[in-house]
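The values are calculated or read from the model by the stated rules, or taken from the named source; none is laboratory data. None of the values given here were measured: they were computed from a predicted structure. Here the Cβ is made from the backbone with ideal geometry for all residues, glycine too, and neighbour counts use every protein chain on show.
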Amino acid sequence: MKIEVIKREENVLEFYLEGEDHTFSNLLNEVLHENEHVTFAGYTIEHPVLMARKPKFKVVTDGEVTPEKALEEAAQKIFDRSRAVLEAWKSAIGE
């Protein structure tokens, strides 16, 4: 995974999330929407053949937090939830 910043303004960040597709992009988008300071979050995959592994994101905040901070918080939530799933799985199979 690689992040390529396209545009950075006060409360707007646009970037490519190289090496990912709808699976992770949709998860990140949904978790960003949980943040009350995120006023817009969305992504597109511009051409399914040429850009399939390079979603283009746009994140806009209300100015209370930066888009970078919102992304950091979303990434931490995803990490924490993934860990909880792993621990639940281990418990279920008796590890």
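Overview of results
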{"read-out": "Residue that is surrounded by the most Cβ atoms within 10 Å (Cβ to Cβ) [pool: residues in segment 9-60 that are free of Cβ contacts under 8 Å to residues at least 40 places away in the same chain and of a type in the set (Asp, Glu)]", "value": "20"}
{"read-out": "Given (1) in a loop (DSSP other than H, G, I, E, B); (2) of a type outside the set (A, V, I, L, M, F, W, C); (3) touching a Leu at 6+ places or on another chain (Cβ under 7 Å), index of the condition residue 25 fails", "value": "(1)"}
{"read-out": "Residue in segment 61-72 that is among the acidic types (Asp, Glu), at pLDDT 95 or above, assigned to a loop (DSSP other than H, G, I, E, B) and closer than 29 Å to residue 9 by Cβ present", "value": "yes"}
{"read-out": "Filter result for residue 30 (more than 12 Å from residue 57 (Cβ to Cβ) and out of contact with any Ser or Thr (no Cβ under 9 Å at 6 or more places or on another chain))", "value": "yes"}
{"read-out": "Subset of segment 6-35 (residues that are under 10 Å from residue 67 (Cβ atoms) and among the hydrophobic types (A, V, I, L, M, F, W, C))", "value": "12, 13, 15, 32"}
{"read-out": "Residue that is of a type in the set (Val, Ile, Thr) and in a loop (DSSP other than H, G, I, E, B), where the choices are 49, 31, 85", "value": "49"}
{"read-out": "Filter result (under 16 Å from the mean Cα position of the chain (by Cα), surrounded by 11 or more Cβ atoms within 10 Å (Cβ to Cβ) and of a type in the set (D, E, K, R)) within segment 61-90", "value": "68, 69, 72, 73, 77, 81"}
{"read-out": "Residues satisfying the stated conditions in segment 15-57, i.e. of a type in the set (D, E, K, R) and either in contact with a Phe, Trp or Tyr (Cβ under 7 Å, 6 or more places away or on another chain) or modelled with pLDDT under 95 (or both)", "value": "18, 20, 21, 46, 53, 54, 56"}
{"read-out": "Condition met for residue 42 (closer than 17 Å to residue 1 by Cα and in contact with a strand residue (DSSP E or B) (Cβ under 9 Å, 6 or more places away or on another chain))", "value": "no"}
